[in-house]
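Asker: Have a look at this one before I ask anything.
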Amino acid sequence: MKDDAIMLLIKSRILDVYNENLLANGTTINWFDDFKIILSEFFDVDMVHYLIFDLDTFRPLRANHSYTPKMYMIKWQEIEAFFYEKDFTETPFWDMESNENKTVKVLFRDRDNQPIGLLVMESTVKWKQFSESENIVEFIRTVNKLVQTIKQTIILIQQENQYRNLFSVTKAFNSTLDSGEILNGTLFAINNAFPQLEPTLILSNDQDRKTSVPYKLFDYTSERPTTVDAYVSGEITTELVQDLGIRLINVPIKGKQGIYGVLQLSAQEDYFFSNRQKEFATSLAETTGNALENAKLYIQSHRLVSDLQLINETSHKLNTNISLEEMLVFLRNQLMKSFLPEQVCFVFIEEEEYKISSASNTFFHTEEGQLYIQHVSNHFNKVKDSLFIADFNRITKLPYAYRSLIAVPFKEQNTIVGFSIVLHKDPYFFSFDGFKLMQSLIQHSSLAISNSTLSNKLQEMVNRDHLTNLFARKYLDKYVENSIEIDDRGVFVLIDIDNFKQVNDMYGHQIGDEILKQIASIIQKKVGEKGIGARWGGEELALYYAQMTLAEGIEMCKQLLELISSQTNPSVTVSIGVSSWQQHDNIDFKHLFHLADIALYEAKNKGKNQLSIMKVSHLS
């Protein structure tokens, strides 16, 4: 009866703890202070600690305070074996107090039988007697219910505070599209929820921000690896920075379309981040990310209109009848107006040499300016993608004056024929959106510039032979060279009129010219859209069939042999040399012509009025 009476009294006192603390919205620390009095009065226990369970670790209630030694932490895996099919045990002294007496550990579990707390206290005579009675089970059950209720209530209170905080932040974010207000609200919410933590905003430079709120620009080369991991993976990372005596948590600021930075929280190295703290920080960072994204989309929608106007105005002007240099001067002025660079340059590649346009700033004719051109040209020699450098001094040991750089290539049929450069002395001056706009602007300008360049070149060359109306040899050369680059196969043919000197001697050069025209007409009709014909020189003609097999080319040449001999007046015959290539042959036009030339002479030596074939394998 004595033990039963004690148990009844203990349960009554525990109920008082519940009423005085839980119903009054007390904290986990307050209830345990009252509970310690119960243990002292009934069991003479003076040395007692309660550890809450989080992240597979038991930690004292005050473990988030800097004065709590790390040795007070207990890993669940270290003591799990002691609680197999039981809820309390006695072990040798626990190093928390270096007490040589036996130490009692009582484990509290939730409804799923998972640990939620651990009671650690000294073993006294009264406790020893009580623990051997049947009431020990009822005692642990009663305290366990108290602990479960306290834990659930505290979680609800914390969640309510966090949700209220998040609701307030979300409401404020929904009423503004100003990134400065959004960032400031984020810092306020963190300071309100975790006054003991030091927040740092680390933001990517993919949007323009003009705000007084302090933040860092994200830089892969200088950020800590855990910060980079959080930014790249979109998952929270933590790190103990022992040399600085701090513990960091990196929370990615995520929107629906991307990650815009990292919310970094720092505390003293013995600080313990709970799951609920991480959940709140994650929710806050996602709210911030969505708000920044909405602000960015709003700004982009307005910017898009001006960007389209810029591109349309530029394209319209460049497609008017103006010279190449006039185009580049206009384009330079557009770049200066839209991107506010301090230096602009246009470089074109002519016969493997770099020529600086007169529309460029004179800076690029200096030694320092040449260094930037060389760096960009080296880049485009390796890759065809545009170049965006936020801080030039981070990639070189030399202190260059202009630290922000964008370089975009001029392309003609996917071949880089030049590039444009803009520079500014301030690092991170150009935004990523500006970089994409300049890419689009140069891309639209490339076509007009290429057309102007091509027009100039076409004026310098004669595409067709004036007598036969076949293409000129120079045009055929370029046509075949281009085909070798972009097609899978082709057939090249050289044709020589047999005994043409005798025809001229017998009938005169006028008749000889007529025969050339007749043969040219036959070739044009037969070739059609399958290839092109050219006058190679004198009485020699050439054909080229892109994407044609050797067998098809031979059949075409056999038909030409018959047509020429039957449709020319006076009748003449021709000798034909045929060569072909396929993608795996790794052949250039010079070798292709050489093969056809050898085949032509072979046809002549065999008696003329026939064709001969020379394959790639025949070339030594």
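Asker: Give the span of region 319-458's Cα atoms along each principal axis, as three whole-Å numbers ordered largest to smallest.
Answerer: The Cα atoms of region 319-458 stretch 46, 30, 26 Å along the principal axes, largest first.
Asker: Compute the long axis of helix 367-382 from its Cα atoms, compare it with the longest principal axis of the Cα atoms of the chain, and write down the angle in degrees, 0 to 90, nearest 10.
Answerer: 90 degrees
Asker: What base-10 log of the normalised intensity I(q)/I(0) is obtained for region 176-298 from the Debye formula, alpha carbons as equal point scatterers, at q = 0.11, 0.12, 0.19, 0.21 Å⁻¹?
Answerer: Debye intensities relative to I(0), on a log10 scale: -0.33, -0.40, -1.02, -1.25.
Asker: Could you give me D for the chain, from Stokes-Einstein at 37 °C and 0.692 mPa s, where the hydrodynamic radius is the Kirkwood radius over C-alpha pairs? Units µm² s⁻¹, please.
Answerer: Details: Rh = 32.9 Å.
Result for D is 100 µm²/s.
Asker: Quick one: which of Lys411/Lys436; Lys478/Lys606; Lys11/Lys151; Lys75/Lys151; Lys558/Lys590 span more than 23 angstrom between C-alpha atoms?
Answerer: Numbers: Lys411/Lys436 16 Å; Lys478/Lys606 32 Å; Lys11/Lys151 19 Å; Lys75/Lys151 20 Å; Lys558/Lys590 25 Å.
The pairs that break the limit, which is 23 Å between Cα atoms, are Lys478/Lys606; Lys558/Lys590.
Asker: A follow-up question, please. List the trypsin sites (Lys or Arg not before Pro) within region 554-620 that fall in a DSSP loop (any state other than H, G, I, E or B) and whose Cβ has at most 15 other Cβ atoms within 10 Å.
Answerer: Counting only loop positions with at most 15 other Cβ atoms within 10 Å, the trypsin sites (Lys or Arg not before Pro) in region 554-620 are Lys606, Lys608, Lys615.
Asker: What number results when the radius of gyration of region 580-620, computed over Cα atoms, is divided by 2.2 N^0.38 Å? Let's see the in-between values first.
Answerer: Numbers: Rg = 10.9 Å, N = 41, 2.2 N^0.38 = 9.0 Å.
Dividing the Cα radius of gyration by 2.2 N^0.38 Å gives 1.21.
Asker: Also, I was wondering about something else. Given region 471-618 reduced to its alpha-carbon atoms as identical point scatterers, what log10 I(q)/I(0) does the Debye formula return at q = 0.10, 0.12, 0.16 Å⁻¹?
Answerer: Relative scattering, expressed as log10 I(q)/I(0), comes to -0.31, -0.45, -0.79.
Asker: Whole percent per 10 Å bin, from 0 to the bin with the longest distance: what is P(r) over all C-alpha pairs of region 546-610?
Answerer: Distribution as computed: 20, 45, 28, 7, 0 percent.
Asker: Something else: Any chance you could give the angle, 0 to 90 degrees and rounded to 10, that helix 473-486 forms with the longest Cα principal axis of the chain?
Answerer: On a 0 to 90 degree scale, this one is about 30.
Asker: Another one. Below 8 Å between Cα atoms, with a sequence gap of 6+, how large is the relative contact order for region 319-458 in percent?
Answerer: On the way: 190 pairs, mean separation 33.1, N = 140.
Rounded, it is 24 percent for region 319-458.
Asker: Could the peptides 106-115, 511-520, 378-387 be put in order, highest first, of the mean number of other beta-carbon atoms found within 10 Å of their residues?
Answerer: The peptides rank, most packed first, as 511-520, 106-115, 378-387.
Asker: Cα-based Rg of region 519-563 per 2.2 N^0.38 Å, rounded to two decimals?
Answerer: Here the answer is 1.09, to two decimals.
Asker: For the chain, take the longest principal axis of its alpha carbons; what is the angle in degrees between that and the long axis of helix 2-17, to the nearest 10 within 0 to 90?
Answerer: Tilt relative to the chain: about 50 degrees.
Values quoted throughout were computed directly from the atomic coordinates according to the rules given, and no laboratory measurement underlies them. Here the structure is a predicted model, which is why all the values come from computation and not from measurement. Heads up, the Cβs are rebuilt from the backbone with ideal geometry, glycines too, and the neighbour counts pull from every protein chain shown.
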